[in-house]
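Single-structure report; data block below.
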Amino acid sequence: MKILSLLLLFLSFNSFGEDYQWITIDRTGLNAFQEHSLESVEAKSSAMSDIAIVNLSEDKSFDMHEVMHHDLNRCAGYIRHKTYEEAVQYVKEAKEFSKLAENGIFADYKIDQQKIVNKLISRVEENVIRKTITKLSSYNNRYYKAETGVESSKWIHGLWKKLVEGRNDAMVKLVNHKNWPQQSIILQIKGSEKPNEIVVIGGHADSIAGFFGGAGSRAPGADDNASGIATISEIIRLIAKSGYKPKRTIMFMGYAAEEVGLLGSKDIAKQFKSTNKDVVGVLQLDMTNFQGSNLDIVMMTDYTNKNQNEFVGKLIDEYLPNLSWGYDRCGYGCSDHASWHNAGYPASMPFESKKGDMNRRIHTKNDTLENMGGTADHASKFAKLGLAFLVEMDR
């Protein structure tokens, strides 16, 4: 990561109130927003990084969100911070940790658990995934400040708790965040041999509408990201039902407030780093049910780990040989895997399509199951891949 940073000051305001938040964003996103903004903007270079540090009001956050989605075809597209000092520290730490997170080897990437994996993936049920997508997209929205955002996270918590009912090695909890009401969800199955080594499979639980989005807007988020949460839930169901006992601790996560700047995952990854948690692999499932490209699964190469990405590709070749896959780039920290990457952990993000072919209905009232063909067939592929990843990482 090159070092060059910009501090943006909005000249039409003399001071910043409680509603203002700092964000970090790349140059492409910054330039697009500057072209869109009707306000006078001053940019100063502090020779820190190629990440811009911007002070943005809550209403301007929606403006920024609209630019990211419609102009740049991005999901989120920036990371939010409470203070300028926090943003500066985040950029500094991201620079320090990102090289290891990108190129380090964190696990033994062997593939030799065919008997277990093949049995599990043969049991993936499309209708179960579809049912979860339908339920989550039935909420008016899952916005991080809305009552329905809180309720939907509690529903996920209840579902996951039910799925592991009776297992004394499993625990499900809601994670409170300081500055917004929606909670993240974490399900932990403790490892029997290496409990301090952790494998994470996660995706965000919230949804959002576009420019005028907020607590009252319709945002079913069937693809973004009910599909990812439903995929994770199917992985949990099959692991729990099979009685599989992991050697390493596995954690399934539903992150709050991803759509407004990766807030939930940033909190969690930061806490894991500060307490020296040993995370040996992270798989991000964000949007799994819209096949916009001729490839079935697309591995994002930025904010991810090269060696783990190659391993995931080999898992597809081994266990899903009829599927096609390839590589692409987000061009920015497009989902929660960036939070783990910036904390120094190895992450991978298999995506539903090439970035330029992604679902254009996300962040609108039209992000529905019906507009993805009415089935969860594509998401089923990711459930199988997630099962293979979890078992083969568990050694």
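The values are calculated or read from the model by the stated rules, or taken from the named source; none is laboratory data. Given the structure is predicted, the values throughout are model-derived calculations rather than measurements. Here the Cβ is made from the backbone with ideal geometry for all residues, glycine too, and neighbour counts use every protein chain on show. Side chains are part of the model used for accessible areas, which takes the heavy atoms of the whole protein and leaves out ligands, DNA and RNA. Shrake-Rupley method; radii C 1.70, N 1.55, O 1.52, S 1.80 Å.
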*Just give me the residues in segment 120-147 being open to solvent by less than 20 Å² (accessible area, probe 1.4 Å) and either under 21 Å from the mean Cα position of the chain (by Cα) or within 20 Å of Asn371 (Cβ to Cβ) (or both), in sequence order.*
Ile129, Thr132, Ile133, Leu136, Ser137, Asn141, Arg142, Tyr143, Tyr144, Ala146
*Which residues, counting only those in segment 153-172, are among the small types (Gly, Ala, Ser) and either part of a loop (DSSP other than H, G, I, E, B) or surrounded by 14 or more Cβ atoms within 10 Å (Cβ to Cβ) (or both)?*
Ser153, Gly166, Ala170
*State all residues of segment 256-296 that are buried (at least 21 other Cβ atoms within 10 Å of the Cβ), small (Gly, Ala, Ser) and over 23 Å from Ala388 (Cα atoms); if no residue qualifies, say none.*
Ala256, Ala257, Gly261, Gly264, Ser265, Ala269
*asked:* Quick check on my filter: what residues within segment 295-346 are free of Cβ contacts under 8 Å to residues at least 40 places away in the same chain and not in a strand (DSSP E or B)?
replied: Thr301, Asp302, Asn309, Gly313, Asp317, Pro321, Asn322, Ser324, Arg329
_Members of segment 322-332 found to be open to solvent by 90 Å² or more (accessible area, probe 1.4 Å) and modelled with pLDDT of 95 or more, listed by number_ = Asn322, Tyr327
*What tally of residues in segment 364-380 results from selecting those that are open to solvent by 10 Å² or more (accessible area, probe 1.4 Å) and either outside any helix (DSSP H, G or I) or touching a strand residue (DSSP E or B) at 6+ places or on another chain (Cβ under 6 Å) (or both)?*
8
*Residue identified as open to solvent by less than 10 Å² (accessible area, probe 1.4 Å) and over 19 Å from Ala230 (Cβ atoms) among Val150, Val117, Val200, Val175*: Val117
_So if I check each of Met299, Met358, which one is under 18 Å from the mean Cα position of the chain (by Cα), open to solvent by less than 10 Å² (accessible area, probe 1.4 Å), among the aliphatic types (A, V, I, L, M) and at pLDDT 95 or above?_
Met299
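Yes/no matrix, rows are residues, columns are (1) under 14 Å from the mean Cα position of the chain (by Cα); (2) part of a loop (DSSP other than H, G, I, E, B); (3) under 24 Å from Leu387 (Cβ atoms):
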position	(1), (2), (3)
Asn179	no, yes, no
Gln182	no, yes, no
Ile186	yes, no, yes
Pro195	no, no, yes
Gly202	yes, no, yes
Ser217	no, yes, no
Asp223	yes, no, yes
Ala226	yes, no, yes
